[in-house]
1. Accessible area per residue, 1.4 Å probe, Å², for the range B:124-224: what's the number?
2. Could you tell me the convex hull volume per residue, in Å³, taken over the Cα atoms of the range A:4-222?
3. What is the spread of the Cα atoms of the protein assembly as shown along each of their three principal axes, largest first, in whole Å?
4. Beyond a 22 Å Cα-Cα separation, which of these cross-linked pairs lie in this structure: A:229/A:296; A:13/A:214; A:145/A:217; A:13/B:179; A:132/A:181; B:179/B:263?
5. Please give, to one decimal in nm, the separation of the simple spin-label points placed at residue A:269 and residue B:208, each 7 Å out from Cα toward the Cβ.
6. Considering protein heavy atoms only and a 1.4 Å probe radius, which residues within the range B:92-135 exhibit an accessible-area decrease of no less than 30 Å² in the full assembly relative to the chain by itself?
7. Interface size between chain B and chain A, please: total buried accessible area, 1.4 Å probe, rounded to the nearest 100 Å².
8. Sequence neighbours fewer than 8 away in the same chain don't count; with that in mind, list the aspartates and glutamates whose C-alpha is under 13 Å from residue B:130.
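The values are calculated or read from the model by the stated rules, or taken from the named source; none is laboratory data. Keep in mind it's a predicted model, so treat the numbers as computed, not measured. Please note: Cβ atoms are built from the backbone with ideal geometry, for glycine as well, and neighbour counts cover all protein chains shown. For the accessible areas, the whole protein counts, side chains as well, though only heavy atoms, and no ligand, DNA or RNA atoms are used. Shrake-Rupley method; radii C 1.70, N 1.55, O 1.52, S 1.80 Å.
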Amino acid sequence: MKELAIKAKNVHKTYGNLTAVNNLSFDVPRGICFGFLGPNGAGKTTMMKMLFGKAERDSVQGGEVSVFGYDPKESALEIKFFTGIVSQEDNLDQELSVIQNLMIYSKFYALPAKQARIFIQNVLAFMELSDKKDAPIRQLSGGMKRRLLIARALINNPKLLILDEPTTGLDPQVRHMIWDKLRDLKKQGVTILLTTHYMEEAFQICDDLIIMNKGEKVMQGPPAYLIDKHIETYVLELLHTGDKTCDAKDAVRTEFMNNRMLLYADDFEIIKQISDQFKAGDFILRQSNLEDVFLKITGRKLHE
Amino acid sequence: MNSARTMADLGPVRPPTLYQRIFSVWLRHVRVYTRHLISNGFPPFVEPLIFLAGIGLGLGSYVGLIDGKTYIMFLASGIIVPPAMFTATFECTFGTFIRLEFDKVYDGMISASLTVKDMFIGEILFAGTKGFFFSCAVLTVIAGFGLVESGMAVFTPFIGFITGLMFAALALFVTSFVKNINHFNFFFTGVVTPMFFFSGIVFPLDNLPEFARWIAALFPLMHAVRLVRAFCFNSFDPGLFFNLAYMIIFIALFGSMAIKRLKKRIVN
């Protein structure tokens, strides 16, 4: 068996009456990108926080967690020493410039100043921020701030990188750039853990992922495998059908969402025929994707 | 905990030592503070001038000698430590609250190899450092006016340092309860302002009714003022050991309670 970066077994976390994480188990081999997918409140962030001691699993029957052999309950400091953490919120030091942010952060790892300057130059270049090094944080765009947060998380040359929704709210250029960088890091042997609710993101960069709902693991596997196993190959979306429904054949699975009707089938010909009854613009015929799996599993209703 | 344990490809895992971690936090605050050195460093030199002119000169001419000292001498020695109290209190109430709730500075810091304890010990020490600096500023000003009679006064900034630690610990403890930034008003109006007036700074406590003297003795600032006066006038008595002990116990007690409570707020 490949050596594990993370091993979680029967992890429980409750806040009062609320169960945030319920009996969650998973293994993350070293050097892969592992994703947590789930609607808001599914327990993704809580699980991440429990890996480096920002949250503590239940003291009674909380399960077991090991990060490179360290238990975050006792050795959070050691774990954080070789881990880079990018949180959901921007928590840069607003009072300092880009370079000062990184210099101070390097002190938190007790890096000697000389070495820190080289590392900082490297991480800024890697995240394409070199020309912003003297800018105050206030002047950075959302995308630059996120890139800087990632640069900051790389300053200790981490073996494990934890990112909580790394590309939420960013434009497509920045998003693709960040994906490329994460792929680069993976090639360098960094184990990456991320949460997201962008299916595209999970599909693009995760080697393995968990879909969570209400604190529980609903399914796990590589993205392509999940699509293959859990959903039909093609989808026909009928827009504004209103009361008019379509006569679906037996070979087709149907779902309703508001006034849309979705027909799923493995056989392209069947749904192609159905789509012929409608005029262009009233339907979308496409391949199924991770989002379809996700919605099928976690339900189409709002979770909030 | 075996921090030097090695893993297959992990290399040695040796997080910074406690001293390095606390120092790094302290340094963060110093960096932020010294970015605006002029606007941050100016007030401590000007405030004593306002005080000496406004109260010392104005009121002083109506007041006779206090313990054999002119009123302005009495006042000058009293105002060495209050700025340490105010700066530490502001730093660890509004400052801490903003870092905690608005800027999320602690969330960023705690993602590095620091513990909650490191962060707040570093912060208390920084507040102490500010207290030291503010007391130095006042001392410089009053010395410039010839209001310092004993060379022993050079030690008073160290009492400013302890005062800073003490009020940082108290302020962090208060902050650990506060959910809304406006609630600090209660603390300032109800505790900090009366403390300033009833700690023997602008008038001696000896003539107060007994119950008021007992209340004053509970105020941490009174103990700092007593120590400072002893150094300023080079007149020491064994009771000062009690004042010093009070301050040290106060720091340890409120500091540890504050850290415990703030940890619950940061780690969930």
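1. Values: 4330 Å² over 101 residues.
Per residue, the range B:124-224 has an accessible area of 43 Å².
2. 118 Å³
3. For the protein assembly as shown, the Cα extents along the three principal axes come out at 107, 56, 50 Å.
4. Details: A:229/A:296 12 Å; A:13/A:214 12 Å; A:145/A:217 32 Å; A:13/B:179 24 Å; A:132/A:181 18 Å; B:179/B:263 15 Å.
Violating the 22 Å Cα-Cα cut-off are A:145/A:217; A:13/B:179.
5. 9.7 nm
6. For the range B:92-135, once contacts with the other chains are taken into account, B:103, B:104, B:107, B:108, B:110, B:111, B:112, B:113, B:114 lose 30 Å² or more.
7. On the way: alone 13930 and 15430 Å², together 25920 Å².
In total, this chain pair buries about 3400 Å².
8. Within reach: B:91.
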